[in-house]
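Below is one structure; the comments refer to it alone.
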Amino acid sequence: MTKSNSIFVFFIFLSFLNLSLTRAASNSVYETFLQCLTNHTTNKTDNISSIVYTQTNPSYTSVLRAYIRNARFNVSSAPKPLIIITPLQESHVQATIICSKQVGYQLKIRSGGHDYEGISYISDTQFFILDMFNFRSISVDIDQESAWVGAGATLGEVYYRIWEKSKVHGFPAGTCPTVGVGGHFSGAGYGNMLRKYGLSVDNVVDAKIVDAQGRILDRKAMGEDLFWAIRGGGGASFGVILSYMIKLVTVPQTVTVFRIEKLIEAGGTDMAYKFQTVAPTTDNSLFMRMLLQPVTRNKTKTVRVTVRSLYLGDSISLVSLLAKEYPELGLNKENCLEMSWIDSVLWWGNFDNGTNPDVLLDRDLDSSSFGKRKSDYVQKPISISSLNLLWAKMIELGKPGLVFNAYGGRMNEIASTETPFPHRAGNLFKIQYSVNWDEPGAESDMNFISQIRSLYSFMTPFVSNNPRSAYLNYRDLDIGANQNGKDSFNQGKVYGEMYFKGNFDRLVKVKTMVDPNNFFRTEQSIPTLPSKI
């Protein structure tokens, strides 16, 4: 055998040895973890191994992929959890926390998987996933106008179960039906009724959480500071949310929706400019969202302006209202669709008219596209001349779009310190920067992410500053990431003040109180206070 062949064989042997050692270590961790789970589970008759998936389990890949909603992280190079735990009962969650600490592994918590940066299911360090998708129980009490909702339920399931019991009740939350309750509510949650009823967390009245010690706490047991923190400060920084108790809101039997589109050369610029002053100040029962998207028409690149709406009332009063306040829209009765509230949920979810509400129970598993999101807040209208510059920039870039979500109404009436979510009075609207693509690969990722970053940079003069604000549920690691080391507090403060402004300090105090060893940590979690030692 030649020397080069000997070296090659030696490296093959080393690779095989490393793989064997890694598998042996994984098996050892698994056996230790499984024994610990069994010891700490209430119902000893459970086959505890059936809720634990290692990388050698035939179902591991399908369980992992089922709730990956961003294809950027559904690739072989993305970090994978050593173990996935899919609890069926509360004691499984308690045991998972205790046993993850015992074996010394980071624990990521996933509900619906819509986290834009995937931080609920990827990590640079070895980790486990606690996937809450089985915690989907929804108990609606119409007499009390309330419901207990499991953290693993989807928004579509919540809306459907409310509709089953009442045609005149709803809940103010997001428009995407497959979003998980756990992340959505704990990050504040908003939807197309926020001007009438505020955010999701403004309508949360109780919760159950498992803390770092493995204790199950309701609002009374956890205290008002922790209850405050998990209504907008991100639940995964403080524990594992089991369920939320929500207060239902009333909706009329008939609501109205519309969608108006105009190109910038055909009145779109005037429509976009006027949106900024009308949408945040109009009747509280009216929510309008504006979408700006570069398009090509007749081989010419331009920008399309779209306004979508939900009005808690009939079309006649809506047309009359906007004829006075927003003539640039050109709304007439023919543009409007009157329907029930549950049908408006389907319409906003981009389902065809007449779709059966049963579709809201479909979790649309294992489906995702490549994407990146960013966010901003706007406090002064953007001038027409600046909008024209924006059009030119969007046409130049070619792909990223903007979504303007109007504030005002109830949002102006709730104090910025009432919940960790601080972006209340003074904000006209929130911007979501959005880009999706279908082409896999690092080159495509770099191209489209570069485009959205360029658009975000362009918008700097027109948005909030000191700090430039961002929305927690539009996760964006560009604005800062935490290594959770010695400099954790300073790293956390960078993104923390953008998400929470002055509420960041209170969140840090709560975190230090309930999880002083920072067991519940992610790349953008709330840090603990720095040690004085």
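Tell me whether the stretch 15-131 comes out rounded, prolate or oblate; compute the Cα gyration tensor, take square roots of the eigenvalues as a ≥ b ≥ c, and use a/c under 1.5 as the rounded threshold. In terms of gyration-tensor shape, oblate. Over all distinct Cα-Cα pairs of the stretch 106-212, the Kirkwood formula returns a hydrodynamic radius of 14.6 Å.
Remark on the chain: 176, 336 stand apart, with no other cysteine beta carbon under 4.7 Å.
Protein heavy-atom accessible surface, 1.4 Å probe, per residue over the stretch 138-250: 29 Å².
Counting only DSSP beta bridges with both residues in the stretch 15-131, the antiparallel share comes to about 25 percent.
Normalised by 2.2 N^0.38 Å, with N the number of residues, the alpha-carbon radius of gyration of the stretch 367-416 equals 1.55.
Think of each Lys and Arg Cβ as +1 and each Asp and Glu Cβ as -1; about the Cα centre, that makes the dipole of the chain roughly 1040 debye.
Pairs of Lys residues in the stretch 321-403 that lie 8 or more places apart, or on two chains, and have C-alpha atoms under 29 angstrom apart add up to 9. Overall, the stretch 15-131 carries a charge dipole of about 180 debye about its Cα centre when +1 sits on the Cβ of Lys and Arg and -1 on the Cβ of Asp and Glu, all other atoms neutral. In plain terms, the C-alpha convex hull of the stretch 219-375 casts an average shadow of 13.6 nm² when viewed from every direction. Distance from the alpha carbon centroid of the stretch 329-363 to that of the stretch 210-283 works out to 20 angstrom. With contacts taken as Cα pairs under 8 Å and at least 6 residues apart, the chain reaches a relative contact order of 14 percent. Between residue 490 and residue 266, the distance separating the two model label sites (each 7 Å from Cα on the Cα→Cβ line) works out to 5.6 nm.
Taking every C-alpha pair closer than 8 Å and separated by at least 6 residues, the mean separation divided by the residue count of the stretch 138-250 gives a relative contact order of 32 percent. Checking (i) 52, 25, 18; (ii) 33, 32, 25; (iii) 41, 28, 23 against semi-axes √(5λ) of the Cα gyration tensor in Å calculated from these atoms, the matching label is (iii). Taking the 1.4 Å solvent-accessible surface of the chain as the whole, the part contributed by carbon and sulfur is 51%. Using only Cα atoms, find the angle between the long axis of helix 488-500 and the longest principal axis of the chain, and express it within 0 to 90 degrees, rounded to the nearest 10. Long axis of 488-500 versus the principal axis of the chain: about 20 degrees. Placing a label point 7 Å from the Cα of residue 395 along the Cα-to-Cβ line, the residues of the stretch 292-323 whose backbone N sits under 15 Å from it are 293-305. At a probe radius of 1.4 angstrom, the accessible area of the stretch 265-391 per residue rounds to 44 square angstrom. Here the Debye sum runs over all C-alpha atoms of the stretch 294-353 as equal scatterers in vacuum, and log10 of I(q)/I(0) at q = 0.16, 0.20, 0.27 Å⁻¹ comes out as -0.67, -0.88, -1.11.
Counting only protein chain heavy atoms and rolling a 1.4 Å probe, the accessible areas of 247, 165 rank, largest first, as 165, 247. For the set 418, 145, solvent exposure ranked by accessible area (probe 1.4 Å, protein chains only) runs largest to smallest as 418, 145. Summed over the residues of the stretch 410-533 and divided among them, the accessible surface reaches 47 Å² per residue at a probe radius of 1.4 Å.
All alpha carbon pair distances within the stretch 432-533 were sorted into 5 Å bins beginning at 0; the resulting P(r) in whole percents reads 2, 11, 19, 19, 16, 12, 10, 7, 2, 0, 0.
The values are calculated or read from the model by the stated rules, or taken from the named source; none is laboratory data. Keep in mind that this is a model prediction, so the values were computed, not measured. No Cβ is skipped: glycine too gets one built from the backbone with ideal geometry, and neighbour counts run over all protein chains shown. Note: areas computed on protein heavy atoms with side chains; ligands, DNA, RNA excluded. Shrake-Rupley method; radii C 1.70, N 1.55, O 1.52, S 1.80 Å.
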